[in-house]
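The values are calculated or read from the model by the stated rules, or taken from the named source; none is laboratory data. From a predicted model like this one, the values you see are computed outputs, not experimental measurements. Note that each Cβ is placed from the backbone with ideal geometry, even for glycine, and that neighbours are counted across all protein chains shown. Heads up: the accessible areas ignore ligands, DNA and RNA and are worked out on the full protein's heavy atoms, side chains in. Shrake-Rupley method; radii C 1.70, N 1.55, O 1.52, S 1.80 Å.
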Amino acid sequence: MKRIINPWLGNSAGYNCFGCNPGNPIGMRMDFFWDGQDVVSVWRAGANHVSWTDTLHGGLQATLLDEICGWVVFFQLQTSGVTAKMETRYRKPVSTRWPYILLRARLEQQRRTLATVKGELLSPDGTLCAGCDCTYFLFPPEKALEMGYKPAILDADEVSLQETIREAVYRNLRP
């Protein structure tokens, strides 16, 4: 697995994405990795992310899924776009007490200006807790560049899923 280098860090004025900016104090601070055909992220919920006692808010689950699916577009398709449609299925409660949540997303289909991406939110033991099918309207590459998109590239170093989990757990500890 290799880290996808966030192309907006230090390069885009006004970059404050709720999902992926590590400097956004109220954001999700997601980090992304390429694992063969999947984009992967490891995330840890905090006490401010609940809807019901110790249960991750469903809207935040959808946000996590939308963000990881969007990074399939950024990295694999090397462009940007907007979510045109998202169908989310909640299958199991997600505990905010878990040490981490694993997210995976994969390109299912691309046709002209539309891409379909499948996302999964998994518990630490690998149970599917929520899934989604996202359809993205893709910007032509020149329009994406005009709007501030920078091509996403991989870090040269291989990392294991266990290393990624340890890093995410400590990085995402919240006061």
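Solvent-accessible area assigned to carbon and sulfur over the chain amounts to 53 percent, based on a 1.4 Å probe. Summary value for the range 1-101: 25 percent relative contact order, contacts being C-alpha pairs under 8 angstrom separated by 6+ residues. Straight-distance candidates among the aspartates and glutamates for linking to residue 85, with alpha-carbon spacing under 15 Å and chain neighbours fewer than 8 residues away dropped: 66, 67, 108, 133. The magnitude of the dipole of the range 73-152, with charges of +1 and -1 set on the Cβ of Lys/Arg and Asp/Glu and taken from the Cα centre, is near 160 debye. Under the convention that each Lys and Arg Cβ holds +1 and each Asp and Glu Cβ holds -1, the size of the dipole of the chain around its Cα centre is about 320 debye. Shape verdict for the chain, please, from the Cα gyration tensor: rounded (a/c under 1.5), prolate (a/b greater than b/c) or oblate. Prolate, because a/c is 1.5 or more and a/b exceeds b/c.
Using Cα atoms only, what is the angle between the long axis of helix 161-171 and the major principal axis of the chain, expressed in degrees (0 to 90) to the nearest 10? Orientation of helix 161-171: about 80 degrees from the principal axis.
A 1.4 Å probe over all protein chains sorts 30, 147, 86 by accessible area into 147, 86, 30, starting with the largest. Mean-square fluctuation check for the chain, GNM, Cα pairs under 10 Å: which of 134, 17, 69 is largest? Top of the fluctuation ranking is 17. Axis angle, to the nearest 10 degrees, between helix 58-76 and the longest C-alpha principal axis of the chain: 40 degrees.
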